[in-house]
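First the structure, in the form of structure tokens, and then the observations on it.
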Amino acid sequence: KPFVYTKNVETICPYCGVGCTINLKVMDNKITDVYSTEGNVNDNLLCVKGRFAHDFVSSEDRLTTPLIRKNGILEEASWDEAISLIAEKLKEAKADGPQAVAGLSSARCTNEDNYVFQKFMRVVGGTNNVDHCARLCHASTVAGLAQSFGSGAMTNSIEEIDIMDVMFVTGTNTTETHPVIGAKIKQRQQNGGALIVAEPRRIELAKYADVYLQIKPGTNVPLFNGMMRAILDAGLEDKAFIDKRTEGYEAFKEFMDTLTVEGCAEICGVDSEDIRKAAILFATKETGGIFYSMGVTQHKTGTDGVMSTANLAMLTGKIGREGCGVNPLRGQNNVQGACDMGALPGDLPGYQKTANPEVVEKFEKAWNAKIPDNLGKTVTEIIDGVGEEIIKFLYIMGENPVVSDPNTNHVRAALEKSNFLVVQDIFLTETTEFADVVLPAFVYAEKDGTFTNTERRIQLLRKAVEAPGISKNDWEIIGLIAKKMGVEGFDFTSDDEIMDEIASVTPSYAGVSLERLRNGDRIQWPCLSKDSEGARFLHAEKFTRGLGAFKIADYIPPEDQADEEYPLILMTGRILQHYHSRTMTMRTPGIQEIAGDAFVEINPMTAKAYGIEQGDFIKVTSPRGVVSAKARFNEGIMETNLFMPFHYGETGANYLTGGQLDPVAKIPPFKVVKAKICKE
Ligand code: SF4
């Protein structure tokens, strides 16, 4: 008997920011297979997560009903009971002012969910204390590129990789974290594109590189400065572009004149000739793009690192043109969209500032409500505020800060003290251990709406299956709480309606509608009108801020330095098979099997010095915590370094991380952690 699917639904992969289009084969309300399609970005490619990791949708662990904690135990409750309790507690907290209420929105939820969430926090919660996990990954991109260019997003498009003469990949293990982009970079290299890779670990792309620079962790800024010094020494700067399109060059040049390539190379721990080779290769090609991710952003100098990428692009005139650009690779499926939608403390949708009275007036009119004037707190400040018992009501939608935030012991201690915590999610997580109320939400395959991928492309989700139990769409749940609080403006009945409201208040989304996407329109913001497809690349005629701004970024050493007690430097990151805190990927047995248990990557020579064999358990200690995981040998990691993936809650690398935040973006440093080890 032939196998007949009852449905075949085209939607968007729920994992990384590449935003591949997938085809879900559905049988009896269950996803049985996933196929690739040409899509807007993936050309029929999918990675192992997108292709296989969908069992979580029908997992028996799914939350199916609201839960309320009674006598320390989460018990099933009705929606009415849960919503009434939340409204009562929110009213109590609001009496203490805007700093007593906070919310964490989600880079895994749709644009529509994020828009409604931040509107709820501002209009119903009366606070600007709303943020999401972009704070932990690309806040420095948003802050840095906004200063340099006026817009904090990937400037060019994924399809332009095919025409890049040179690709400079740094601070990203692209084949693991953005596999389809990694595959395209490899393809381009095989077809004649030059490749420069700068990474402390010898990643897969290093094998294909014309120049590979194994820099010490935390030395991005001197690497960029060294390359720019080499370009200036060779007279290869693009004088016409600098004169016509930029400002601040004289002061920048004066600063650069204080540096030498050799001095920068020494800080980075690489040969100065290799820096020169990379610089000249980048500068002499007609087109070229810079790709980076959290190896650049997750430092106390993350914003400086990002502005340095912008300096390099402007110095060589490789910005505002096809096949060029500064291309931050956003991690989660909708982290770009969550930022665009204003799930940020200082930004309303479309990066319109809460500090701008004209913006506030516009939104007050549109929403018929007062916009709060408190200085909103960021993710880590919100967790601190809960621990200090200043924040009395915390609403977390689709985030798991116990695993994803730095310094897990600190996060756990803070949440232990929480006065009232609501968690809206699809599974019980490490964070729901602390929740007073848990609300069951839909997953991507159960809803319509949009995600915005790393290249600013707004893409359509289509509902494929019915959700389990009495769970609800995220924005619908938020609307119920607003209604209980007696606040109007949240009675949306469809994602179309929400996107129409987004378009009416957000200039960069003004031309977006779900109807256009259903009709097959391809849209990348800024999309200013209904007859526009938006922009394939940004800053063509002029930068968003007018002139591009050169910014001086000098080397500031990381806070953590190896010393006698902690002689090694640990880096944290991601692996191909797992996504974020694994709530979804660990529920696909095949994926879990390939990925294996948590591990500590160590150079075999270092392991030998400690008497450690492959597979032995290693105890890793930093000033903030202790974890234990299996040794995995890697000759491509420096003898002074270790690497751990952050996904694993029980042996989480984030027990070890923490430290000084970037002063501008307030991003924590996840990439340079001093540590000591011993065999268990
Ligand atoms: Fe999904 Fe990213 Fe893999 Fe594409 S590359 S299938 S979007 S996880």
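The values are calculated or read from the model by the stated rules, or taken from the named source; none is laboratory data. Predicted, not measured: the structure shown is a model, and the values here were computed from it. All Cβ positions, glycine included, derive from the backbone under ideal geometry; neighbour counts span all protein chains shown.
Screening the candidates G323, G331, G342 for the property of being surrounded by fewer than 24 Cβ atoms within 10 Å (Cβ to Cβ), touching a residue at least 12 places away in the same chain (Cβ under 8 Å), over 16 Å from I215 (Cβ atoms) and of a type in the set (G, A, S) yields one hit, G323. Taking strands (runs of 3 or more DSSP E) as the structural unit, those lying wholly within region 404-467 and holding at least 1 residues that are buried (at least 24 other Cβ atoms within 10 Å of the Cβ), modelled with pLDDT of 95 or more and more than 16 Å from the ligand (Cβ to nearest atom) correspond to 421-425, 437-440, 449-452.
Note on region 564-581: residues that are in a loop (DSSP other than H, G, I, E, B) and under 21 Å from G182 (Cβ atoms) amount to 7. Scanning region 593-614 for residues that are in a helix (DSSP H, G or I), within 30 Å of E60 (Cα to Cα) and either of a type in the set (A, V, I, L, M, F, W, C) or within 16 Å of the ligand (Cβ to nearest atom) (or both) returns I594, A595. Here G659 qualifies as in a loop (DSSP other than H, G, I, E, B) and not charged (D, E, K, R). Looking at D80, is it away from the ligand (no atom under 16 Å from the Cβ), assigned by TED's automatic domain parsing to the domain that holds G126, acidic (D, E) and in contact (Cβ under 8 Å) with a residue 60 or more places away in the chain? Criteria not met by D80. Residues in region 190-209 that are surrounded by 21 or more Cβ atoms within 10 Å (Cβ to Cβ) and more than 22 Å from N220 (Cβ to Cβ): G193 alone. Note on region 42-56: residues that are closer than 29 Å to Q524 by Cα and surrounded by fewer than 22 Cβ atoms within 10 Å (Cβ to Cβ) total 6. Of the residues G218, G182, the single one that is closer than 24 Å to D271 by Cβ and under 20 Å from the mean Cα position of the chain (by Cα) is G218. Looking across region 166-182 at every residue that is more than 9 Å from the ligand (Cβ to nearest atom) and of a type in the set (S, T, Y), the one that is farthest from V197 (Cα to Cα) is identified as T175. Note on region 14-42: among residues that are at positive phi and free of Cβ contacts under 8 Å to residues at least 40 places away in the same chain, the one that is nearest to the ligand (Cβ to nearest atom) is G39. Restrict the check to region 34-45 and report whether at least one residue is in contact with a strand residue (DSSP E or B) (Cβ under 8 Å, 6 or more places away or on another chain) and within 29 Å of E76 (Cβ to Cβ). Checked against the condition, which is being in contact with a strand residue (DSSP E or B) (Cβ under 8 Å, 6 or more places away or on another chain) and within 29 Å of E76 (Cβ to Cβ), region 34-45 yields no hits at all. Can you find a residue in region 569-578 that is surrounded by fewer than 19 Cβ atoms within 10 Å (Cβ to Cβ) and away from the ligand (no atom under 16 Å from the Cβ)? The answer is no; no qualifying residue exists. In region 50-62, the residues that are away from the ligand (no atom under 14 Å from the Cβ) reach residues that are at pLDDT 90 or above and part of a helix (DSSP H, G or I) with C-beta atoms within less than 7 angstrom, at least six apart or across chains, in these pairs: V57/A445. Over 29 Å from T544 (Cα atoms) and either touching a strand residue (DSSP E or B) at 6+ places or on another chain (Cβ under 6 Å) or in a loop (DSSP other than H, G, I, E, B) (or both) - does that describe any residue in region 232-247? Within region 232-247, one or more residues are over 29 Å from T544 (Cα atoms) and either touching a strand residue (DSSP E or B) at 6+ places or on another chain (Cβ under 6 Å) or in a loop (DSSP other than H, G, I, E, B) (or both).
Taking region 407-445 as the range and being under 18 Å from I86 (Cβ atoms), among the charged types (D, E, K, R) and over 24 Å from the mean Cα position of the chain (by Cα) as the test, only D436 passes.
Can you confirm whether region 544-563 contains a residue that is part of a loop (DSSP other than H, G, I, E, B), over 30 Å from K300 (Cβ atoms) and away from the ligand (no atom under 16 Å from the Cβ)? No, that holds for no residue.
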